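Notes follow once the structure below has been shown.
The values are calculated or read from the model by the stated rules, or taken from the named source; none is laboratory data. Source: prediction; values computed, not measured. Using ideal geometry, Cβ is built from the backbone for each residue, glycine included, and neighbour counts are taken over all protein chains shown. Surface accessibility is based on the protein's heavy atoms, side chains included, excluding ligands, DNA and RNA. Shrake-Rupley method; radii C 1.70, N 1.55, O 1.52, S 1.80 Å.
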Amino acid sequence: MTGGAGFLGSHLCEQLLRRGVGVICLDNFLTGAPANIAPLLGEPRFRLIKCDVTDFVHVPGPVDLVLHLASAASPADYLRLPIETLKVGGLGTLHALGLAREKGARFVLASTSEVYGDPQQHPQSEGYWGNVNPVGPRSVYDEAKRYAEALTTAYRMSRRMDTAIARIFNTYGPRMRPDDGRAIPTFICQALAGEPLSVTGDGSQTRSVCYVDDTIQGILALAESDIPGPVNIGAPLELSVAELAKTVIELSGLPGSIRHIERPVDDPQMRCPDTTLAQELLGWEPRVPLRDGLARTIAWFRSQLATAPRTDPLPTHPYPGGSA
Ligand code: NAD
């Protein structure tokens, strides 16, 4: 797995190990954290290779499945790491595909709902081609993933490789970074610190958020199938960013308020997956209700803040349009 020390990657590593699968994690800790995988280092079936997958990818021994997750994913990260993000989507994907080809392994690309850009079709089904600004600030991520999808498809068609594309929608849960700029960790940390929640624009733009355990099950269902995709993996429950903020305040059990700040450039107005394909082909649908998932995430952040009090200032500008 590339990107195995990140938010989704570390949960995936854990889940695979729980299923008895040996995991080799390739990560350069650009946006992931050693702490995410520290508990796995003692596992005999887990191995960490610290490397930048844009340089090269080498793994000794047999490999059945390559899960390619390496990429900055939060808008705060990819806006500060534009070239790295384009490189990992391009060169990183090329190298990960090369590894899968060499080993005769199935290849699964962690793509994103951001390939739909600011969508003109709602909800977004896999047949929709998207509405992406190729020179906007978010293009470094959106276009890198679109290129990665094209590369994956080209290897499938011209090299007869077994590949799959998961279009992952906004996911939240434990191990998100408090400062990664995504809406949910930002709202939770602000609520727990007794600060007003910074909602961008009037907050009427919509998002659909999926609890991490559900996303992981969806990715694994795709990996275990022979479906090429792309397949949307996300929760079809749509709510406005303002509603999301209010729910976080309510579940935090603390008095909270909202302040409105400017919306980021090219922030999508609406986002909701059509998950018919995942239901029909993979028998997968999200199960964790929003309030349960948020409560678990708030409890996790609370425990983190209790053990390591934060000294850095809270992010003031969340990017709720990003990948969660
Ligand atoms: P993350 O930033 O927590 O994890 C990404 C991991 O990739 C990090 O551990 C980072 O260090 C590693 N990485 C980045 N560049 C690398 C390189 N050149 N070489 C080796 N490792 C590198 O992000 P995440 O939220 O866990 O996302 C994981 C994947 O899922 C990404 O590809 C992302 O685009 C996709 N995705 C995530 C979401 C979401 O809601 N979290 C939504 C859609 C798609």
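Observations, loosely collected:
- So Leu94, is it over 23 Å from Arg182 (Cβ atoms) and of a type in the set (A, V, I, L, M, F, W, C): yes
- Number of positions in the stretch 127-138 that are in contact (Cβ under 8 Å) with a residue 24 or more places away in the chain and surrounded by 19 or more Cβ atoms within 10 Å (Cβ to Cβ): 1
- Among residues of the stretch 40-59, those that are surrounded by 12 or more Cβ atoms within 10 Å (Cβ to Cβ), among the charged types (D, E, K, R), within 13 Å of the ligand (Cβ to nearest atom) and not in a loop (DSSP other than H, G, I, E, B), counted: 0
- Any hit, the stretch 60-73, residues being in contact with a His (Cβ under 7 Å, 6 or more places away or on another chain), modelled with pLDDT under 95 and part of a loop (DSSP other than H, G, I, E, B): no
- Picking from residues in the stretch 214-230 that are more than 13 Å from the ligand (Cβ to nearest atom) and among the acidic types (Asp, Glu), the one that is least open to solvent (accessible area, probe 1.4 Å) is Asp226.
- Applying the criterion of at least 1 residues that are more than 24 Å from Gly89 (Cβ to Cβ) and among the hydroxyl-bearing types (Ser, Thr, Tyr) to the helices (runs of 4 or more DSSP H) found wholly in the stretch 165-280 leaves 183-192, 241-252.
- Any hit, the stretch 6-23, residues being open to solvent by 20 Å² or more (accessible area, probe 1.4 Å), more than 22 Å from Leu220 (Cα to Cα), within 11 Å of the ligand (Cβ to nearest atom) and not polar (S, T, N, Q): no
- Thr171 being under 29 Å from Leu290 (Cβ atoms), crowded, with 18+ Cβ neighbours inside 10 Å and either modelled with pLDDT of 95 or more or more than 16 Å from the ligand (Cβ to nearest atom) (or both): yes
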